[in-house]
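Asker: Attaching a single structure in C-alpha coordinates format; questions to follow.
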Amino acid sequence: GDSVTQMEGPVTLSEEAFLTINCTYTATGYPSLFWYVQYPGEGLQLLLKATKADDKGSNKGFEATYRKETTSFHLEKGSVQVSDSAVYFCALPSSGGSYIPTFGRGTSLIVHP
Amino acid sequence: GAGVSQSPRYKVAKRGQDVALRCDPISGHVSLFWYQQALGQGPEFLTYFQNEAQLDKSGLPSDRFFAERPEGSVSTLKIQRTQQEDSAVYLCASSLAVFAGASYNEQFFGPGTRLTVL
(Lines give C-alpha, C1' and ligand atoms only; values in the text may rest on other atoms or scores of the structure.)
Protein backbone atom coordinates (compact mmCIF):
# COMPACT_ATOMS: atom_id res chain seq x y z
CA GLY A 1 0.00 0.00 0.00
CA ASP A 2 0.88 3.66 -0.13
CA SER A 3 3.30 4.83 2.55
CA VAL A 4 5.67 7.61 3.55
CA THR A 5 9.00 7.34 5.35
CA GLN A 6 10.45 10.27 7.26
CA MET A 7 13.83 10.76 8.84
CA GLU A 8 13.87 10.10 12.55
CA GLY A 9 14.18 12.95 14.96
CA PRO A 10 14.65 14.91 16.93
CA VAL A 11 16.43 17.37 14.71
CA THR A 12 18.15 19.95 16.87
CA LEU A 13 19.37 23.19 15.29
CA SER A 14 20.51 26.64 16.29
CA GLU A 15 18.49 29.62 15.17
CA GLU A 16 19.20 30.69 11.56
CA ALA A 17 20.53 27.26 10.61
CA PHE A 18 19.44 25.49 7.41
CA LEU A 19 16.81 22.78 7.79
CA THR A 20 16.19 19.64 5.78
CA ILE A 21 13.71 16.97 6.81
CA ASN A 22 13.72 14.02 4.45
CA CYS A 23 10.55 12.31 3.22
CA THR A 24 10.25 9.52 0.67
CA TYR A 25 7.08 7.86 -0.47
CA THR A 26 5.76 4.70 -2.05
CA ALA A 27 2.56 5.11 -4.03
CA THR A 28 0.57 3.97 -6.99
CA GLY A 29 0.62 6.69 -9.59
CA TYR A 30 1.49 10.27 -8.76
CA PRO A 31 -0.46 11.45 -5.75
CA SER A 32 -0.44 14.89 -4.18
CA LEU A 33 2.04 15.27 -1.34
CA PHE A 34 1.73 17.27 1.86
CA TRP A 35 3.62 18.54 4.84
CA TYR A 36 1.71 19.10 8.08
CA VAL A 37 3.05 20.82 11.21
CA GLN A 38 1.97 20.24 14.80
CA TYR A 39 2.98 22.93 17.29
CA PRO A 40 3.02 21.98 20.99
CA GLY A 41 -0.48 21.59 22.37
CA GLU A 42 -2.17 22.20 19.02
CA GLY A 43 -3.71 20.17 16.22
CA LEU A 44 -2.02 19.45 12.91
CA GLN A 45 -2.01 22.23 10.33
CA LEU A 46 -1.38 21.91 6.62
CA LEU A 47 1.97 23.61 5.97
CA LEU A 48 2.32 23.14 2.22
CA LYS A 49 1.41 20.82 -0.60
CA ALA A 50 2.35 19.88 -4.16
CA THR A 51 -0.09 18.29 -6.55
CA LYS A 52 2.15 17.00 -9.35
CA ALA A 53 5.72 16.09 -10.18
CA ASP A 54 8.24 18.97 -10.13
CA ASP A 55 5.78 21.22 -8.28
CA LYS A 56 7.23 23.21 -5.40
CA GLY A 57 5.06 23.89 -2.40
CA SER A 58 5.98 26.79 -0.17
CA ASN A 59 4.69 28.55 2.93
CA LYS A 60 6.17 30.50 5.86
CA GLY A 61 9.67 30.19 4.39
CA PHE A 62 9.41 26.40 4.07
CA GLU A 63 9.69 24.71 0.68
CA ALA A 64 9.37 21.18 -0.66
CA THR A 65 9.73 19.95 -4.24
CA TYR A 66 7.86 16.91 -5.53
CA ARG A 67 10.58 14.77 -7.13
CA LYS A 68 9.17 11.82 -9.05
CA GLU A 69 12.56 10.37 -10.01
CA THR A 70 13.63 9.96 -6.39
CA THR A 71 10.08 9.61 -4.95
CA SER A 72 10.92 12.31 -2.44
CA PHE A 73 9.36 15.45 -0.96
CA HIS A 74 12.02 16.83 1.38
CA LEU A 75 11.13 19.84 3.53
CA GLU A 76 13.63 22.71 3.62
CA LYS A 77 13.97 26.11 5.23
CA GLY A 78 16.92 28.41 4.79
CA SER A 79 16.93 29.97 8.26
CA VAL A 80 14.95 28.43 11.09
CA GLN A 81 13.54 30.31 14.06
CA VAL A 82 12.78 29.19 17.60
CA SER A 83 9.10 29.46 16.72
CA ASP A 84 9.54 26.71 14.10
CA SER A 85 10.01 24.15 16.88
CA ALA A 86 7.28 21.59 16.24
CA VAL A 87 6.64 18.13 14.83
CA TYR A 88 6.50 17.88 11.03
CA PHE A 89 4.55 15.17 9.21
CA CYS A 90 4.84 14.16 5.58
CA ALA A 91 1.61 12.76 4.11
CA LEU A 92 -0.05 11.53 0.95
CA PRO A 93 -3.69 10.77 0.22
CA SER A 94 -4.80 7.18 -0.11
CA SER A 95 -5.10 5.83 -3.61
CA GLY A 96 -8.61 4.56 -3.05
CA GLY A 97 -10.29 7.79 -4.03
CA SER A 98 -11.24 8.90 -0.54
CA TYR A 99 -8.19 11.16 -0.24
CA ILE A 100 -7.78 10.22 3.40
CA PRO A 101 -4.13 11.00 4.14
CA THR A 102 -1.50 8.49 5.19
CA PHE A 103 0.97 10.18 7.55
CA GLY A 104 4.61 9.54 8.25
CA ARG A 105 5.65 9.08 11.87
CA GLY A 106 6.68 12.70 12.25
CA THR A 107 10.00 14.45 12.79
CA SER A 108 10.47 16.63 15.84
CA LEU A 109 12.38 19.88 15.26
CA ILE A 110 13.93 21.71 18.19
CA VAL A 111 15.45 25.13 17.49
CA HIS A 112 17.68 26.72 20.13
CA PRO A 113 18.27 30.49 20.39
CA GLY B 1 -14.10 31.83 13.28
CA ALA B 2 -13.80 28.94 15.70
CA GLY B 3 -11.73 25.95 14.73
CA VAL B 4 -12.31 22.30 15.49
CA SER B 5 -12.72 21.71 19.20
CA GLN B 6 -12.45 18.49 21.14
CA SER B 7 -13.38 17.55 24.67
CA PRO B 8 -12.15 16.53 27.05
CA ARG B 9 -8.55 17.44 26.31
CA TYR B 10 -7.32 14.79 28.74
CA LYS B 11 -9.02 11.62 29.93
CA VAL B 12 -7.77 9.03 32.37
CA ALA B 13 -9.73 5.80 32.49
CA LYS B 14 -9.34 2.59 34.38
CA ARG B 15 -9.06 -0.52 32.27
CA GLY B 16 -12.52 -1.77 31.44
CA GLN B 17 -14.26 1.61 31.63
CA ASP B 18 -16.18 3.10 28.75
CA VAL B 19 -15.18 6.53 27.44
CA ALA B 20 -16.77 9.05 25.08
CA LEU B 21 -14.77 11.64 23.20
CA ARG B 22 -16.46 14.62 21.58
CA CYS B 23 -15.61 16.57 18.45
CA ASP B 24 -17.15 19.86 17.33
CA PRO B 25 -16.18 20.48 13.71
CA ILE B 26 -16.01 23.81 11.94
CA SER B 27 -19.52 24.97 11.13
CA GLY B 28 -20.55 23.97 7.62
CA HIS B 29 -17.89 21.32 7.19
CA VAL B 30 -19.42 18.25 5.61
CA SER B 31 -16.66 15.74 6.26
CA LEU B 32 -15.37 14.62 9.62
CA PHE B 33 -12.49 12.27 10.39
CA TRP B 34 -11.19 10.53 13.48
CA TYR B 35 -7.54 9.51 13.87
CA GLN B 36 -5.57 7.73 16.56
CA GLN B 37 -2.05 8.97 17.25
CA ALA B 38 0.18 6.77 19.36
CA LEU B 39 3.20 8.30 21.09
CA GLY B 40 5.93 9.09 18.58
CA GLN B 41 3.81 8.08 15.60
CA GLY B 42 1.80 9.81 12.93
CA PRO B 43 -2.00 9.87 13.01
CA GLU B 44 -3.69 6.64 11.91
CA PHE B 45 -7.09 6.86 10.25
CA LEU B 46 -10.02 5.43 12.21
CA THR B 47 -13.25 6.49 10.52
CA TYR B 48 -14.83 9.10 8.26
CA PHE B 49 -18.26 10.73 8.03
CA GLN B 50 -19.88 12.69 5.29
CA ASN B 51 -22.70 14.55 7.00
CA GLU B 52 -24.33 11.91 9.23
CA ALA B 53 -23.29 8.96 7.07
CA GLN B 54 -20.32 6.93 8.21
CA LEU B 55 -18.71 6.14 4.86
CA ASP B 56 -15.57 4.40 6.04
CA LYS B 57 -14.84 2.71 9.35
CA SER B 58 -12.08 0.46 8.12
CA GLY B 59 -9.55 1.89 10.58
CA LEU B 60 -11.46 1.12 13.76
CA PRO B 61 -9.22 -1.39 15.57
CA SER B 62 -11.97 -3.47 17.15
CA ASP B 63 -15.70 -3.64 17.76
CA ARG B 64 -15.09 -1.84 21.04
CA PHE B 65 -14.72 1.36 19.02
CA PHE B 66 -17.86 3.09 17.83
CA ALA B 67 -18.38 6.53 16.29
CA GLU B 68 -21.48 8.49 15.48
CA ARG B 69 -22.51 11.82 14.03
CA PRO B 70 -26.29 11.72 14.27
CA GLU B 71 -27.11 15.23 13.05
CA GLY B 72 -24.19 15.70 10.72
CA SER B 73 -22.36 18.08 13.02
CA VAL B 74 -20.96 17.03 16.41
CA SER B 75 -19.39 13.59 16.52
CA THR B 76 -18.65 11.23 19.39
CA LEU B 77 -16.07 8.46 19.44
CA LYS B 78 -16.91 5.85 22.04
CA ILE B 79 -14.54 3.21 23.31
CA GLN B 80 -16.02 0.41 25.34
CA ARG B 81 -14.14 -1.68 27.88
CA THR B 82 -10.94 0.33 27.43
CA GLN B 83 -7.61 -1.48 27.29
CA GLN B 84 -4.11 -0.15 27.91
CA GLU B 85 -3.32 -0.35 24.20
CA ASP B 86 -6.08 2.23 23.62
CA SER B 87 -3.90 4.88 25.27
CA ALA B 88 -3.21 7.48 22.58
CA VAL B 89 -4.18 10.93 21.37
CA TYR B 90 -7.45 10.89 19.45
CA LEU B 91 -7.62 13.55 16.76
CA CYS B 92 -10.66 14.86 14.99
CA ALA B 93 -10.52 16.75 11.70
CA SER B 94 -13.11 18.33 9.46
CA SER B 95 -13.16 19.56 5.89
CA LEU B 96 -15.58 21.21 3.52
CA ALA B 97 -15.97 17.97 1.58
CA VAL B 98 -14.00 14.96 0.43
CA PHE B 99 -15.35 12.79 -2.29
CA ALA B 100 -13.93 10.51 -4.95
CA GLY B 101 -12.69 12.28 -8.00
CA ALA B 102 -12.24 15.65 -6.32
CA SER B 103 -8.98 17.27 -5.51
CA TYR B 104 -7.91 17.09 -1.91
CA ASN B 105 -9.73 19.40 0.47
CA GLU B 106 -7.67 20.59 3.42
CA GLN B 107 -8.50 18.97 6.73
CA PHE B 108 -8.58 21.16 9.83
CA PHE B 109 -7.54 19.36 12.97
CA GLY B 110 -8.61 19.77 16.56
CA PRO B 111 -6.07 19.74 19.42
CA GLY B 112 -6.89 16.13 20.28
CA THR B 113 -7.92 14.21 23.37
CA ARG B 114 -5.15 12.43 25.20
CA LEU B 115 -6.53 9.16 26.59
CA THR B 116 -4.58 7.29 29.23
CA VAL B 117 -5.84 3.88 30.29
CA LEU B 118 -4.45 2.63 33.59
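The values are calculated or read from the model by the stated rules, or taken from the named source; none is laboratory data. This one's a predicted model, so the numbers in the text were calculated from it and none came from an experiment. When we count neighbours, we look across all protein chains shown, and the Cβ atoms used for this are built from the backbone with ideal geometry, even at glycine.
Asker: Which of the residues belonging to segment A:36-62 are assigned to a loop (DSSP other than H, G, I, E, B), at pLDDT 90 or above and within 11 Å of chain B (Cβ to nearest Cβ)?
Answerer: A:Tyr39
Asker: If you go through segment B:99-109 one residue at a time, do you hit one that is within 14 Å of chain A (Cβ to nearest Cβ), charged (D, E, K, R) and farther than 23 Å from A:Gln6 by Cα?
Answerer: No, segment B:99-109 has no match at all.
Asker: Kindly indicate the residue of segment A:86-113 that is out of contact with any Asp or Glu (no Cβ under 6 Å at 6 or more places or on another chain) and β-branched (Val, Ile, Thr) and also modelled with the lowest pLDDT among those meeting that condition.
Answerer: If we take residues in segment A:86-113 being out of contact with any Asp or Glu (no Cβ under 6 Å at 6 or more places or on another chain) and β-branched (Val, Ile, Thr), then A:Ile100 is modelled with the lowest pLDDT.
Asker: Where in segment B:1-95 are there strands (runs of 3 or more DSSP E), lying wholly inside it, with at least 1 residues that are over 14 Å from the mean Cα position of the chain (by Cα)? I'd like the intermediate steps shown before the answer.
Answerer: Values: elements: B:5-7, B:10-13, B:19-24, B:31-37, B:44-50, B:53-56, B:65-68, B:75-79, B:88-95.
Qualifying strands (runs of 3 or more DSSP E): B:10-13, B:53-56.
Asker: Output the residues belonging to segment A:63-76 that are surrounded by fewer than 20 Cβ atoms within 10 Å (Cβ to Cβ) and in a strand (DSSP E or B).
Answerer: A:Glu63, A:Thr65, A:Arg67, A:Ser72, A:Glu76
Asker: Just one of B:Leu21, B:Leu46 is of a type in the set (A, V, I, L, M) and within 12 Å of chain A (Cβ to nearest Cβ); which is it?
Answerer: Values: B:Leu21 fails: within 12 Å of chain A (Cβ to nearest Cβ).
Residue meeting the stated conditions: B:Leu46.
Asker: Something else now. Can you tell me which residue among A:Leu33, A:Leu13, A:Leu92, A:Leu109 is more than 25 Å from B:Arg9 (Cβ to Cβ), away from chain B (no Cβ under 14 Å) and not small (Gly, Ala, Ser)?
Answerer: None of the other options fit; the residue is A:Leu13.
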